[in-house]
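What follows is one structure encoded as C-alpha cells, with my remarks underneath.
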Amino acid sequence: MNLTDVLNRIDVKKNILDTARPLPPASVKSLIEDFRIRYTYETTAIEGNTLTLRETQAVLEHGITIRGKPLREHLEVTNAYDTLKWLEQKVQSREPVSERLILELHRMLMNGILKEEAGFYRRVPVFIQGASHVPPNWRKVPHEMEKFEAWVKEAETNTHPVVLAAQAHIRLAQIHPFIDGNGRTCRLLVNYILMTHGYPPALYQVEKRAEYLKALDEADHGNEEPFIYVTAEATEWTLDRYLSIIDQQDNLQSKSTNVIRVQRTISMKRRTCSIRCQTSTSPVSSCRCSCGGKNHGIKVRRNHDR
C-alpha cells in the first residue's frame, strides 16, 4: 500500500471519529490517561529508560520509588508525563510551532536532569549514536532553528498533518539543538502538530525502536517516506483506540435495542393472552391460548381463578 492510501485510510477513520463526537466523557477520560502512561513509558524506554510499563504506572499514579532504579529514570518519566499534560492544554491555544515552544518543551522534559542546559540550545559539538548524520556546529544552531520555525509555518499550509509532523521530527532531530533530550522533544512536537490539526497523538513504541531509528537514518540520506510511514502507523494506533469506543457504543446500543425488542414482544404476547383468557373459566393449566398460561401476569391468573 502506497503512502497516499495510508494517509487516506487515516483520514477516513478520523472522519468517522469526528462524526461520532462527542464520545462518552468517562471513556475518553480513561483512554487519555491510559495513553499518557503508555506514551511516557514508550518515549523514555526508546531512550534507554529501564522502568517497565507497570513500574512507570506505579511511579506516576502512586509516587512510588522503584528499588534499584536510578533517580534520573524516575525524573525522566515524571517529567515526560507532566510535559505531555501541559502540551495537551497548550493545544487549546493553537499557538504556532516556535522556538519558544520547543525550548519550553525541552526545559520541562529535562528539569532536574540537566543542571544548566535544560531549555537552552547546546554549546558543544554532539554526535548521534548509531547514526551517520553529523549535526551542525553548535554556533549554527540558533540560525538553523530560526529556519526550522519558518519552514514549519510555510509547510503547514499545504502539507498533510501526518507528513508535516514526521518531517518536523526529521528536521529537528537533524539539527539536534540540545545536548540531550532531542528525541523526546521531537516526539512531543510531533504530537503537538497532530493534535493542533485535530488528529490524535502518535505513539512510537519501543518494541519498534529499530524500525524507528532505521527510518530516521534513511531520512538523513534523503528518503523520508519510511519515517512518514512509521509516524502514520503510530498515529493510526491511537486513532484505532478512539474508534474502539465507538464500536463498544454500537455494541451496547445493539444489545439495548434487542432487549427492548424482546420486552415489547413479551408485552404484546401478554396483552394477547390476557384478551384471550378474560373469557376463560378454565385454570391456567388448561388455558386455551398458545402460551399455556406461561405469559400471563398476576391479574390474568386471578381471572382464571374466578
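Any read-out appearing in this document is the output of simple, stated calculations on the displayed coordinates, not a laboratory observation. Here the structure is a predicted model, which is why all the values come from computation and not from measurement. Don't worry about glycine lacking a Cβ; one is built from the backbone with ideal geometry, like all the others, and counts go over all protein chains shown.
Tabulated data for the structure shown
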item	result
Subset of K85/K115; K29/K214; K14/K208; K90/K115 violating a 30 Å alpha-carbon distance limit	K29/K214
Whether the range 3-250 is rounded, prolate or oblate, judged on the alpha carbon gyration tensor where a/c under 1.5 counts as rounded	oblate
Relative packing of peptides 105-115, 91-101 - highest average C-beta neighbours within 10 Å first	105-115, 91-101
Low-density loop positions, chymotrypsin sites (Phe, Trp or Tyr not before Pro), the range 49-143 - DSSP coil, at most 15 other Cβ in 10 Å	F120, F127
Global form of the range 1-74, assessed from the alpha-carbon gyration tensor, a/c cut-off 1.5	oblate
Filtered GluC sites (Glu not before Pro), the range 116-187: DSSP coil and at most 12 other beta carbons within 10 Å	E116
Given charges at beta-carbon only (K, R positive; D, E negative), |dipole| of the range 3-250 in Debye	660 debye
For the range 153-215, size of Cβ-based charge dipole, Lys and Arg +1, Asp and Glu -1, in debye	100 debye
